[in-house]
Amino acid sequence: MKLKPVNGRSVPDPARGDLLPENGRNVEKSSYWIRRLAAGDVEEVVAVTKAATATDKQGGEA
């Protein structure tokens, strides 16, 4: 899953030994990251697909 820190937060990445970058990083789903999500320290990055972008440009669903 891809996670990024919430604005103003510095979140350690124990697997890499550094901080989670502002633009996010793919991390292995673990109890650590689930706790960070629950605490509001990080948020999941949702990928925008071409199909979703095309639908948005056409005015949504029919």
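The values are calculated or read from the model by the stated rules, or taken from the named source; none is laboratory data. Computed from a predicted model, the values in this text were never measured in an experiment. Neighbour counts are summed over all protein chains in view; Cβ atoms, including those assigned to glycine, are modelled from backbone coordinates with ideal geometry. The protein model used for the area step is the full one, side chains on, heavy atoms only, and it has no ligands, DNA or RNA in it. Shrake-Rupley method; radii C 1.70, N 1.55, O 1.52, S 1.80 Å.
Summary of computed values
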read-out	value
Neighbourhood charge, 14 Å Cβ-Cβ cut-off, centred on residue 7 and excluding it, Lys, Arg +1 and Asp, Glu -1	-1
Accessible carbon and sulfur surface of the stretch 1-52 relative to its total accessible area, %, 1.4 Å	50
Order by protection proxy (mean Cβ within 10 Å, highest first), peptides 36-42, 15-21	36-42, 15-21
